[in-house]
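S.K.: Dumping the structure here so I can ask a few things about it.
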Amino acid sequence: MKTASLSGSLREGVGKKDADALRASNRVPGVLYGGAEQIHFSLEEVQLNKLVFNPDVFKIELDIDGKKVDCIIQDIQFHPVTDRVTHIDLLEVLPGKPVKVALPLRTTGQAIGVMNGGRLELNYRRVPVRGIADDLPECLTVDITPLKIGDSARVRDLNVEGLEILLSDSALLVACKRTRAAMSAESALEEGEEGAAEGEGGEGEGGEGGDE
């Protein structure tokens, strides 16, 4: 898992008025929990956005007024209209204690089915997992090279040691779908083959009649 650093400040107050004042000054209120006590803090919105609006998942080294804690993002609240981050919950990472995160799902290779006119459909952008933070990979990968049109890859096809995937083994991750273009090409090919077969049959019958 990738790592990043953030600097925060302890909040003087924890009420709605205080939170609104922080947001007005382009800071995001947050809570750190999972350790000995909950800590209320605020972060610069610009710094936080670099991690929130990012396809990767990070373990964060959070510095709050000189005290450093390793943590991960557990929950984010967004403004319903502007999509600005309005609040963030961070979970302290403790040695040997598993954490839940959603890792990015990425594909490798080029599917045979896509080269034959199919379309790749990714059902999950992120996959929920549980594991020790220091052992978590940056992402989960699926090799789509052998997928033909109609084939798919499921959770059972992933093999990541020491990682619990929080989805059913049969959950569909990626599929190679048949497109209209591929169906039209197949139909045209079948019609061409049928026409060729009929033509060959007609020539044979005509030849026999001529001999008689």
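S.K.: Which count do you get for residues in the range 94-104 that are surrounded by fewer than 19 Cβ atoms within 10 Å (Cβ to Cβ) and either touching a His at 6+ places or on another chain (Cβ under 6 Å) or of a type in the set (A, V, I, L, M) (or both)?
M.R.: So the count comes out to 2.
S.K.: Quickly run through the range 1-34 and pick out the residues that are under 24 Å from D56 (Cβ atoms), free of Cβ contacts under 8 Å to residues at least 24 places away in the same chain and of a type in the set (D, E, K, R).
M.R.: If the condition is that a residue be under 24 Å from D56 (Cβ atoms), free of Cβ contacts under 8 Å to residues at least 24 places away in the same chain and of a type in the set (D, E, K, R), then R27 is the only one that fits.
S.K.: May I ask you to say which residue of S152, S184 is modelled with pLDDT of 55 or more and under 21 Å from T107 (Cβ atoms)?
M.R.: One residue alone meets the criteria, S152.
S.K.: Regarding K16, is this residue open to solvent by 20 Å² or more (accessible area, probe 1.4 Å), at pLDDT below 95 and over 30 Å from I165 (Cβ atoms)?
M.R.: Yes.
S.K.: Go through the range 132-161 and count every residue that is open to solvent by 60 Å² or more (accessible area, probe 1.4 Å), in a helix (DSSP H, G or I) and within 25 Å of I72 (Cβ to Cβ).
M.R.: Residues in the range 132-161 being open to solvent by 60 Å² or more (accessible area, probe 1.4 Å), in a helix (DSSP H, G or I) and within 25 Å of I72 (Cβ to Cβ): 2 in total.
S.K.: Under 7 Å between Cβ atoms, at least 6 apart or on separate chains: pull out the pairs that start in the range 61-79 with a residue that is free of Cβ contacts under 8 Å to residues at least 24 places away in the same chain and farther than 17 Å from V101 by Cα and end on any residue that is in a strand (DSSP E or B) and β-branched (V, I, T).
M.R.: What qualifies is F78/V85; F78/T86; H79/T86.
S.K.: Does at least one position in the range 117-131 carry a residue that is farther than 30 Å from T3 by Cβ, open to solvent by less than 60 Å² (accessible area, probe 1.4 Å) and touching a helix residue (DSSP H, G or I) at 6+ places or on another chain (Cβ under 9 Å)?
M.R.: Looking through the range 117-131, at least one residue is farther than 30 Å from T3 by Cβ, open to solvent by less than 60 Å² (accessible area, probe 1.4 Å) and touching a helix residue (DSSP H, G or I) at 6+ places or on another chain (Cβ under 9 Å).
S.K.: Moving on. How many residues are among the β-branched types (V, I, T), part of a loop (DSSP other than H, G, I, E, B) and either modelled with pLDDT of 95 or more or surrounded by fewer than 19 Cβ atoms within 10 Å (Cβ to Cβ) (or both) when one looks only at the range 30-86?
M.R.: Within the range 30-86, residues that are among the β-branched types (V, I, T), part of a loop (DSSP other than H, G, I, E, B) and either modelled with pLDDT of 95 or more or surrounded by fewer than 19 Cβ atoms within 10 Å (Cβ to Cβ) (or both) number 2.
The values are calculated or read from the model by the stated rules, or taken from the named source; none is laboratory data. Treat the numbers as computed from the prediction; the structure is a model and nothing was measured. Glycine also receives a Cβ, built like all others from the backbone with ideal geometry; neighbour counts cover every protein chain displayed. Note: areas computed on protein heavy atoms with side chains; ligands, DNA, RNA excluded. Shrake-Rupley method; radii C 1.70, N 1.55, O 1.52, S 1.80 Å.
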